[in-house]
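Engineer: Handing you a structure now.
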Amino acid sequence: MEATEKKYAALTQGFVDRLNHSYDSRRDHLLTLRKLILENENKILEALEEDLGKSRFEGVISETLFLVKEIDFSLKKLKKWMKKKRVSTPFLQFPARSFIVPEPVGVVLIISPWNYPFQLLISPLIGALAAGNTAILKPSEVAPAVSSVIAELVPKYFSEGIVGVVEGAIAETQALLDLPFQHIFYTGNSHVGRIIMEKAAKHLCPVTLELGGKSPCFVDKDNDLQLVARRLMWGKFFNTGQTCVAPDYVLVEEETQAALIEAMKKALAEFFPFGAKDSPDYGKIINERHFNRLESYLEESEIEYGGERDKSKLYFSPTLLKATESSKSMKEEIFGPILPIIKVKNFDEALSFIRRRPHPLAAYAFSRNGKLLNRFCDEVTAGGMCLNDSLVHLTSETLPFGGVGESGMGAYHGKKSFDIFTHYKSVMKRGLFIDLPVRYPPYKGKENLIRRLLNWLG
Ligand code: NAD
């Protein structure tokens, strides 16, 4: 663990020496990151394919290009975000000026999971660098090809005083967590989220926790079911269902269930005309442990579609289940290519079904009825929401992305990524030419005067 401490020391020194403090240095580091991605895009996409069987198209839109777009957005806004902001000053403090000054917090730690192993590590780094910090990256050991590409590339592009990488599993992460960072940004499951928070408390270190959960989807009867099915199947089976905001289960009224399932089957047949197994557009399950976990969800439910699998290739076909509230697939986050479809009596029952459960990371509803969608928006608490589509809300720089309650705390993307790693310092600068004696001791007889003065000032 000596190497980890050395990396931490170099980054602390880098922060003390303000190597990433000025506008020019932050811009240069963002441009370096952009270069790292574009010059090595093929290598990154190949590693994603090795770990997850991720198709080039999905790799580009959800990892490399996604990040380049985010960097470009930050570069465009950086000057504005960094500006100190003048705010008003109470008259009583006259003469004075007040400012809010954004400043970096220090050395930050970013820990990422395996499902979007490049994007989920680099996206917070964009915010950390834009905000003027130095950072240690801890990629997921569960996606080893991407982890080693990151460990190889980062030192080639960044000096040890700006960004460091520590590879490894639990022991290495725990050793990192013993160090006094100024912010920890963790993406992963809520069990580890709790460990992170406990460890961070020792150093009074603020945390951002990007967690998961069961994201519900309600499909109303008033719909173009084929369009709904296409959008839903795409969001569910993108990255082989291994997406934190993938629709986890569908609630649908009894009279619509059969038609919806037919539309879903048709959409899947269009996506994978020769079956998903040999399709270059369909990936694999990350490892055997997750494969076995997913297999267990098939118990106690009626398989409506799919269910084929080949453990030797970690292939698990897109699978639709007819399930109930008590099915095994409804006990925990699925995080794979299985979609339970549960019938409800009506919209109100669906709302109560969702509200009885922990707040999800995302919630979805499809309907042509605007009033129904408004009610869904008003009555369901979730990290984020997408109405009449799935997943795409998180591609917007103007929408903060994060969870609530069990699905996490803190949000990022766009300006929010800058804010997470920024301390907004309040500064008042007083003039020296007037000095009202009323505040100084002896106080005797001054209370009434100060009351009258404050009253007069409103
Ligand atoms: P994972 O197993 O890769 O773990 C995530 C990170 O935690 C890794 O870097 C790992 O080394 C570290 N870790 C694991 N155990 C640890 C321990 N005991 N102590 C300290 N560190 C430890 O990924 P995962 O947790 O399986 O990720 C899947 C979960 O992440 C799902 O619940 C998913 O919904 C959630 N997720 C959330 C988002 C989001 O943006 N909110 C994105 C992706 C995934």
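The values are calculated or read from the model by the stated rules, or taken from the named source; none is laboratory data. What you see is a predicted model; the values in this text were computed from it and never measured. FYI the Cβ positions are ideal-geometry reconstructions off the backbone, even for glycines, and counts take in every protein chain you see.
Engineer: With respect to residue 385, determine if the residue is surrounded by 15 or more Cβ atoms within 10 Å (Cβ to Cβ), in a strand (DSSP E or B) and among the hydrophobic types (A, V, I, L, M, F, W, C).
Structural biologist: Details: surrounded by 15 or more Cβ atoms within 10 Å (Cβ to Cβ): yes; in a strand (DSSP E or B): yes; among the hydrophobic types (A, V, I, L, M, F, W, C): yes.
Spelling it out, residue 385 is indeed surrounded by 15 or more Cβ atoms within 10 Å (Cβ to Cβ), in a strand (DSSP E or B) and among the hydrophobic types (A, V, I, L, M, F, W, C).
Engineer: In addition: When the stretch 206-221 is examined, which residues are found to be more than 9 Å from the ligand (Cβ to nearest atom), among the charged types (D, E, K, R) and farther than 15 Å from residue 257 by Cβ?
Structural biologist: Selection gives 214 alone.
Engineer: Just one of (1) part of a loop (DSSP other than H, G, I, E, B); (2) within 14 Å of the ligand (Cβ to nearest atom) trips up residue 146, so point out which.
Structural biologist: Status for residue 146: all satisfied but (1).
Engineer: If a residue has to be without any contact (Cβ under 8 Å) to a residue 12 or more places away in the chain and more than 7 Å from the ligand (Cβ to nearest atom) to count, how many in the stretch 189-201 make the cut?
Structural biologist: The qualifying residues number 4.
Engineer: Can you tell me which condition residue 223 does not meet? The list is (1) surrounded by fewer than 24 Cβ atoms within 10 Å (Cβ to Cβ); (2) without any contact (Cβ under 8 Å) to a residue 60 or more places away in the chain; (3) of a type outside the set (Lys, Arg), and all the others hold.
Structural biologist: Single failed check for residue 223: (2).
Engineer: Return the residues of the stretch 117-141 that are near the ligand (Cβ under 10 Å from one of its atoms) and either among the small types (Gly, Ala, Ser) or in contact with a Lys or Arg (Cβ under 9 Å, 6 or more places away or on another chain) (or both); say none if nothing qualifies.
Structural biologist: 121, 123, 140
Engineer: Tell me whether the stretch 288-296 contains one or more residues that are part of a helix (DSSP H, G or I), exposed (fewer than 15 other Cβ atoms within 10 Å of the Cβ) and polar (S, T, N, Q).
Structural biologist: yes
Engineer: Of the numbered conditions (1) buried (at least 22 other Cβ atoms within 10 Å of the Cβ); (2) touching a Leu at 6+ places or on another chain (Cβ under 8 Å), residue 353 fails exactly one; give the number of that condition.
Structural biologist: (1)
Engineer: Moving on. Does any residue of the stretch 281-296 turn out to be without any contact (Cβ under 8 Å) to a residue 40 or more places away in the chain, over 30 Å from residue 191 (Cα atoms), assigned by TED's automatic domain parsing to the domain that holds residue 221 and over 25 Å from the mean Cα position of the chain (by Cα)?
Structural biologist: no
Engineer: Of the residues that sit in the stretch 150-179 and are aliphatic (A, V, I, L, M) and part of a loop (DSSP other than H, G, I, E, B), which one is nearest to the ligand (Cβ to nearest atom)? Outline the logic, then answer.
Structural biologist: First, pick out the residues of the stretch 150-179 that are aliphatic (A, V, I, L, M): 150-151, 153-154, 162-163, 165-166, 169-171, 175-177, 179.
From what is left, the residues that are part of a loop (DSSP other than H, G, I, E, B) are 162, 166, 169, 179.
Working: 162: 21, 166: 10, 169: 5, 179: 13 Å.
Per the stated criteria, the residue is 169.
Engineer: If you don't mind, there's one more thing I want to ask. Filter the stretch 24-77 for residues that are among the small types (Gly, Ala, Ser) and part of a helix (DSSP H, G or I) and give the result. Spell out the reasoning first.
Structural biologist: Step one: of the stretch 24-77, the residues among the small types (Gly, Ala, Ser) are 25, 47, 53, 55, 59, 62, 74.
Of everything in the stretch 24-77, those that are among the small types (Gly, Ala, Ser) and part of a helix (DSSP H, G or I) turn out to be 25, 47, 59, 62, 74.
Engineer: Okay, moving on. Got at least one residue in the stretch 86-99 being surrounded by 23 or more Cβ atoms within 10 Å (Cβ to Cβ), touching a residue at least 12 places away in the same chain (Cβ under 8 Å) and either outside the structural domain of residue 59 (by TED's automatic domain parsing) or away from the ligand (no atom under 12 Å from the Cβ) (or both)? Break it down stepwise before answering.
Structural biologist: Within the stretch 86-99, the subset surrounded by 23 or more Cβ atoms within 10 Å (Cβ to Cβ) is none.
Looking through the stretch 86-99, none of the residues is surrounded by 23 or more Cβ atoms within 10 Å (Cβ to Cβ), touching a residue at least 12 places away in the same chain (Cβ under 8 Å) and either outside the structural domain of residue 59 (by TED's automatic domain parsing) or away from the ligand (no atom under 12 Å from the Cβ) (or both).
Engineer: What residue, among those in the stretch 308-334 that are within 16 Å of residue 357 (Cβ to Cβ) and under 26 Å from the mean Cα position of the chain (by Cα), is surrounded by the fewest Cβ atoms within 10 Å (Cβ to Cβ)?
Structural biologist: 331
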